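Read through the structure below, which is laid out as structure tokens, and then see the notes.
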Amino acid sequence: MFYKILKVILSVLFNILFRTKVVGVENVPKEGGMIMAANHLSNWDPPVAGTYMPRPVAYMAKEELFKPAIAGAVIRSLYAFPVKRGAADRGAIKTAMGILKQGLCLGVFPEGTRSKDGKTHKAEAGVSLLAAMSKAPVVPTAIIGTNKIFQNGGLLPQLKIIFGEPMYFEGKHNDKEALNEFSQKIMEKIDNLIKINSQV
């Protein structure tokens, strides 16, 4: 209930303040487990992308965010769960797989951290491993403008969220080369969506 209420409130605020434009909602599978893989520009990305994704999103979030008890409780109520960065977190992977097996939407940022220059960077293999193990489609998601909010004189820039066509991993889950290649293809697709829609 809290998630739905917050989503309505944020959609109104984002529409008014940032004149948010959403493209490609028809590309989002209406049911079944799926992975929303997005570029990461700022701390605004999870709430912005989650607000305009037509399905509830369960995000992987760095474990540091959960340490303040109250903040942790709020974040968990929004379906987020902790992950240890820079290490193979089996607990987080197990939780992510459980979310996908339940037919829900998992939100990840393949780059693993925020981009400091506004450009897309090399992705980690984690998103491919989840796609390989779950057979869930990956929806490449481009986020434009969140890095300019209240910064560099941008104040209230127009935001854009673009959902690309689903991508499927067809290799073996233990093929590291194939996993890395698929992760990079996801980032290339996101980069293309950004370039195309930055000109519109």
Practice task
Could you tell me which of Phe163, Ile9, Ala49 has its Cα farthest along the dipole of the chain towards the positive end, charges placed at Cβ (Lys, Arg +1; Asp, Glu -1), taken about the Cα centre?
Solution key: Ile9
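What does the net charge come to around Phe18 if you take all other residues with beta carbon closer than 11 Å to its beta carbon, with K and R at +1 and D and E at -1? Kindly include the intermediate steps, with their values, before the conclusion.
On the way: positive: Arg19, Lys21, Lys148, Lys160; negative: none.
Around Phe18, the charge tally is +4.
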Handout entry: Over the chain: Rg over Rh, Cα atoms, Kirkwood Rh
Key = 0.94
Practice task
Might you report the magnitude of the Cβ-based charge dipole of the stretch 43-200 about its Cα centre, with Lys and Arg at +1 and Asp and Glu at -1, to the nearest 20 debye?
Solution key: 320
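Order of Ile35, Ile5, Ile93 from fewest to most other C-beta atoms within 10 Å? Before the final figure, lay out the partial values.
Details: Ile35 27, Ile5 9, Ile93 16.
Final ranking by Cβ density, sparse to dense: Ile5, Ile93, Ile35.
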Fill in the blank from the handout: Taking the alpha-carbon centre of each part, the distance from the stretch 137-200 to the stretch 65-134 in Å is 16
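Got a sec? How would Glu64, Glu181 order by Cβ neighbour count within 10 Å, fewest to most? Show your work: numbers first, answer last.
On the way: Glu64 10, Glu181 14.
Placing the least packed residue first, the sequence is Glu64, Glu181.
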Completion exercise
For the stretch 88-178, listing GluC sites (Glu not before Pro) in a DSSP loop whose Cβ sees at most 12 other Cβ atoms within 10 Å gives Glu170
Fill in the blank from the handout: By Cβ neighbour count within 10 Å, fewest first, Ile149, Ile70 rank Ile70, Ile149
Practice task
Hey, can you grab everything whose amide H is under 5 Å from the amide H of Asn39? Only 5+ residues off in sequence or another chain; H modelled, so Pro and N-termini drop out.
Solution key: Thr141, Ile143
Handout entry: Phi to ³J(HN,Hα) by Karplus 6.51 cos²θ - 1.76 cosθ + 1.60 over the stretch 92-109, Hz, x for Gly, Pro
Key = 5, 5, 4, 5, 4, 5, x, 4, 5, 5, 7, x, 9, 9, 9, x, 9, 10
Practice task
Would you grab the residues whose amide H sits under 5 Å from the one on Thr20? Only those 5+ places off in sequence or on another chain, please, with H modelled 1.01 Å from N.
Solution key: Asn15, Leu159
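Which trypsin sites (Lys or Arg not before Pro) from the stretch 1-76 combine a DSSP loop assignment with at most 14 other Cβ atoms within 10 Å? Walk me through the numbers on the way to the answer.
Working: sites: Lys4, Lys7, Arg19, Lys21, Lys30, Lys62, Arg76; in loops: Arg19, Lys30.
Listed in order of number, the matching sites are Arg19, Lys30.
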Completion exercise
Sorting Gly118, Ile186, Asn174 by the position of each Cα along the dipole of the stretch 93-200 (Lys, Arg +1; Asp, Glu -1; all at Cβ), the one nearest the positive end of that ordering is Gly118
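Read the figures in this text as sums done on the coordinates, not as results from a lab. As the structure is a prediction and not an experimental result, all values here were calculated from the model. Quick reminder, even Gly has a Cβ in these numbers, built from the backbone with ideal geometry, and neighbours come from all protein chains shown.
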